[in-house]
Amino acid sequence: MTLAALIKLPTQLAPPVNSPMRDRDFTWGVATASYQIEGATDADGRLPSIWDTYCATPGKVLNGDSGDVACDHYHRWELDVNLIADLGVDAYRLSIAWPRVIGLDGQLNTKGVDFYKRLLDRLGDKGVQRYATLYHWDLPQHLEDRGGWLNRDTAYRFADYADKISRALQGRVTAWSTLNEPWCSAYLGYTNGRHAPGRTHPRYAAQALHHLLLGHGLAQPALKANDPGAQRSIVVNIGRGVPEDPGSAADRDAAHLFEVQQNAWVLDALLDGRYPDELFRLWPGTEPLVLEGDMDLISQPLDHLGINYYYRNTLRSDGAHGFTSVNRPGAEYTQMGWEVAPDAFTELLVGFHQRYANLPPIVITENGMASADVVVNGEIKDTQRISYLQRHFAAVHNAMAAGVDVRGYFVWSLLDNFEWAYGYERRFGLVHVDYETQVRTLKHSAQGLQAFLRERAGR
Ligand code: IFM
């Protein structure tokens with residue numbers, strides 16, 4: 001029996017020994033998002049968002065769940081800040097709810113802004129860096145009523161919101177991210193319909209994505225001018241595609257096209273100032289309306305790029321240019337049904353490093369997994385999560401060893417929370433939430449990360 005087991009020390013959840021990820025200037029954090037944890041959807045003048053509407057539509061969200069209460073973080077934020085500080089992380093990634101801070105008249109809602117001021121100040125007092133995302137999917141419903149991200153004007157509304165809130169919160173934020181996973185907002189929200197606002201037209205995704213990215217670009221000058229000491233970034237989701245039959249040219253093409261729509265669609269626009277032609281081989285006739293100067297705005301330099309990675313997809317060609325995802329016999333999957341593939345994470349990071357000449361430093365802004373965690377005698381033994389994270393830490397270490405500049409790693413998520421169309425059934429937290437009592441309990445993964453961070457800090 002090891003000494004740690006004898007004295008009941010938690011097993012460390014840590015990057016490899018001698019990894020630069022153990023250095024003090026490598027940022028370790030945990031992440032959440034407003035609609036997934038805050039609750040209090042009608043408090044202090046918050047306006048309805050597209051997710052309130054979507055959740056209220058029968059059949060859209062598992063078990064009819066909604067973010068109305070979620071983790072009640074709007075009221076329990078002090079407890080949660082203590083939890084974050086106690087974990088020993090360097091940074092906390094949160095998102096600001098647009099419908100909470102901007103009223104119908106387009107002006108700041110002071111009560112909503114004050115919530116974030118209190119939260120950011122307390123995090124600062126505890127020595128925790130603040131990574132704030134401006135848009136993690138909770139579009140004010142009144143903007144959706146005017147076309148949402150299909151309406152070019154929404155990009156200007158977003159830039160105006162970014163201007164006002166960065167002025168109001170100036171000096172309180174370490175790093176601003178404009179958008180979280182614009183691919184999801186555009187594709188899942190406007191073409192596949194599994195996310196709010198639940199629209200399902202094949203042409204919509206490309207136009208919605210263009211307006212999201214335009215909003216990102218339009219917001220840059222204000223963020224720079226209003227808060228020059230803060231970093232500026234955007235957060236993108238990435239995925240690896242591999243052919244079901246590597247010997248089949250059609251499956252290889254399917255895997256390639258999967259990555260074009262999953263990665264290159266967004267990254268080429270941000271980093272090369274163009275949309276990949278191959279996207280329109282996959283989705284003919286969906287070219288968005290792009291005005292002169294748009295792509296220059298979209299591809300302005302960033303201080304870092306936020307990357308969210310979760311899975312690999314195995315693709316089978318449909319015989320034309322389409323494809324379906326299939327399960328890989330013998331592979332490991334999470335509660336989401338996502339394949340666990342840490343090597344694919346390394347491959348993607350190294351691939352981006354080779355492909356994009358002007359790739360900014362990378363921060364892993366999300367990585368983690370859902371499991372059906374249960375409390376037994378006050379403990380949550382989330383062994384698959386510990387193993388998953390440990391392997392993904394090593395994957396990032398390997399990418400760094402191959403030359404990729406990675407500056408930080410945020411685990412998704414601090415808390416079990418509202419997992420969008422899957423409601424509360426899927427648990428991504430390092431910390432378990434009992435939704436009846438709102439009691440938070442550290443899972444073994446949280447204790448393991450805490451043990452590593454404490455040792456790193458010399459505590
Ligand atoms: O919960 C989400 C998060 O809001 C965005 N990235 C993926 C996570 C897991 O699905």
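The values are calculated or read from the model by the stated rules, or taken from the named source; none is laboratory data. Quick caveat, the model's predicted, so the values are computed rather than measured. All Cβ positions, even for glycine, are placed from backbone atoms using ideal geometry, and neighbour counts span all protein chains on display.
Odds and ends about this structure:
- Residue match in the range 73-90 (condition: buried (at least 24 other Cβ atoms within 10 Å of the Cβ), farther than 22 Å from R385 by Cβ, under 21 Å from the mean Cα position of the chain (by Cα) and modelled with pLDDT of 95 or more): no
- Checking the stated criteria, R440 turns out not to satisfy the condition of being assigned to a loop (DSSP other than H, G, I, E, B) and modelled with pLDDT of 95 or more.
- Options A186, A219, A168: the member that is within 16 Å of the ligand (Cβ to nearest atom) and either within 20 Å of the chain's Cα centre (by Cα) or surrounded by fewer than 21 Cβ atoms within 10 Å (Cβ to Cβ) (or both): A186
- Number of residues in the range 14-59 that are out of contact with any helix residue (DSSP H, G or I) (no Cβ under 8 Å at 6 or more places or on another chain), within 20 Å of G198 (Cα to Cα) and hydroxyl-bearing (S, T, Y) equals 2.
- The set of residues in the range 177-216 being among the hydrophobic types (A, V, I, L, M, F, W, C) and either under 30 Å from P361 (Cα atoms) or without any contact (Cβ under 8 Å) to a residue 24 or more places away in the chain (or both) consists of L179, W183, C184, A186, L188, A205, A206, A208, L209, L212, L213, L214.
- Hits in the range 227-285 - residues which are in a strand (DSSP E or B) and more than 30 Å from P361 (Cβ to Cβ): P243
- Scan of the range 155-188 for residues that are assigned to a helix (DSSP H, G or I) and over 16 Å from V101 (Cα atoms), ordered by number: A155, Y156, P182, W183, C184, S185, A186, Y187, L188
- Filtered by the rule that a residue be more than 16 Å from the ligand (Cβ to nearest atom) and among the small types (G, A, S), the range 301-330 gives S317, G319, A320, G322, G330.
- Options A370, A320, A331; residue that is surrounded by fewer than 21 Cβ atoms within 10 Å (Cβ to Cβ), part of a loop (DSSP other than H, G, I, E, B), of a type in the set (G, A, S) and out of contact with any strand residue (DSSP E or B) (no Cβ under 9 Å at 6 or more places or on another chain): A320
- Boolean, V61 is crowded, with 20+ Cβ neighbours inside 10 Å, of a type outside the set (F, W, Y) and more than 19 Å from Q36 (Cα to Cα): no
- Of residues in the range 407-426 being small (G, A, S), within 16 Å of the ligand (Cβ to nearest atom) and outside any helix (DSSP H, G or I), the one surrounded by the most Cβ atoms within 10 Å (Cβ to Cβ): S413
- Evaluation of G241 against (1) of a type in the set (G, A, S); (2) surrounded by 15 or more Cβ atoms within 10 Å (Cβ to Cβ); (3) over 17 Å from L348 (Cβ atoms) (one fails), failing number: (3)
- Any chance Y333 is hydroxyl-bearing (S, T, Y), closer than 25 Å to W137 by Cα and within 16 Å of the ligand (Cβ to nearest atom): no
- Scanning the range 197-226 for residues that are outside any helix (DSSP H, G or I) and closer than 18 Å to Q261 by Cβ yields a total of 5.
- Count of the range 373-401 residues which are assigned to a loop (DSSP other than H, G, I, E, B), surrounded by fewer than 24 Cβ atoms within 10 Å (Cβ to Cβ) and either within 16 Å of the ligand (Cβ to nearest atom) or of a type in the set (F, W, Y) (or both): 1
- Some residue of the range 106-117 being surrounded by fewer than 23 Cβ atoms within 10 Å (Cβ to Cβ), part of a helix (DSSP H, G or I) and of a type in the set (D, E): yes
- V396 vs. criteria β-branched (V, I, T), closer than 28 Å to D65 by Cβ and at pLDDT 95 or above: no
- Residue-level check: of (1) surrounded by 18 or more Cβ atoms within 10 Å (Cβ to Cβ); (2) over 19 Å from the mean Cα position of the chain (by Cα); (3) among the polar types (S, T, N, Q); (4) farther than 25 Å from M369 by Cβ, Q12 misses just (4).
- Just so you know, in the range 190-216 the residues that are charged (D, E, K, R) and in contact with a helix residue (DSSP H, G or I) (Cβ under 6 Å, 6 or more places away or on another chain) include one that is nearest to E292 (Cα to Cα), and it is R199.
- A single member of V363, V404, V433 is within 16 Å of the ligand (Cβ to nearest atom), within 21 Å of the chain's Cα centre (by Cα) and farther than 19 Å from H136 by Cα, and it is V433.
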